[in-house]
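In what follows, a structure is listed as structure tokens, so that the remarks can point back to it.
The values are calculated or read from the model by the stated rules, or taken from the named source; none is laboratory data. Please read all numbers here as calculations on a predicted model, not as lab measurements. Cβ sites come from the backbone with ideal geometry, for glycine too, and all protein chains shown count toward neighbours. Heads up: the accessible areas ignore ligands, DNA and RNA and are worked out on the full protein's heavy atoms, side chains in. Shrake-Rupley method; radii C 1.70, N 1.55, O 1.52, S 1.80 Å.
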Amino acid sequence: MMTEAEKLDAGLEYDFWDAEVEARKLHAIAGCNKLNALPATDEAAREEAIRELFGSAGKSPSVLPTFMCDNGKNIHVGDNFLANYNVTILDIAPVTIGDYVMIGPNTSIITVGHPLSPLGRRRHLGQAKPVTIGRDVWIGANCTILPGVTVGNNVVVAAGAVVTKDVPGNCVVAGVPARVVKQLENDVEETNDDC
């Protein structure tokens, strides 16, 4: 028989009030509290706290206060990552983010959902799906990225957008739900194809 944490990791429905699952969240809360308590001007200490909290981070990660997450170790970011003020990453499942990504203030990246059934919600069920964000992505302020979404390379997610499905590379998406509103040219030297 699988534990609730094993169900979670396998992408199955799990009880989010399970003690082992809850321990991951409590560990993340402690790591977020440590990071958020550091002065925004102490870049070296903040980078060290980011590296302790995240599963992996490339060169020069920057996360401004107040940052919250559900696990921390499921967050993997590339080089020159920036999370602006009040970003939340509910990383019950892995969140993988490429190089040169900027996330605007008050944005949420969510990997967990709950049943439409009230009985399922009363049973504290959740189900997690990973989120992948390519490189050279700018996510504007007040955006929401929902579970299971992949965002391609060289994408701009306009402020206030709710991304409910995969986004191809080299475009701007906007709206609720987000849809492609403009194609973008890739003007960097390295190949920057769709994810």
Q. For the stretch 69-177, what % of the accessible area comes from carbon and sulfur atoms, probe 1.4 Å?
A. 58 percent
Q | For the chain, with +1 on Lys and Arg beta carbons and -1 on Asp and Glu, the positive-most of 162, 172, 148 along the dipole | A | 162
Q. Around residue 129, with a cut-off of 14 angstrom between Cβ atoms, what is the net charge of the other residues, counting Lys and Arg +1 and Asp and Glu -1?
A. -3
**Q.** Summed residue charge, Cβ within 12 Å of residue 79's Cβ, Lys/Arg positive, Asp/Glu negative
**A.** 0
Q | Scattering profile of the stretch 65-186 at q = 0.19 Å⁻¹ [log10 I(q)/I(0), Debye over alpha-carbon scatterers] | A | -0.97
Q. In terms of modelled amide H atoms, which long-range or inter-chain residues lie less than 5 Å from the amide H of residue 150?
A. 132, 166, 167
Q.
So with the 1.4 Å probe, I'd like the accessible area per residue for the chain, rounded to whole Å².
A. 50 Å²
(Q) Can you order the peptides 152-161, 31-40 by their average number of other Cβ atoms within 10 Å per residue, highest first? (A) 152-161, 31-40
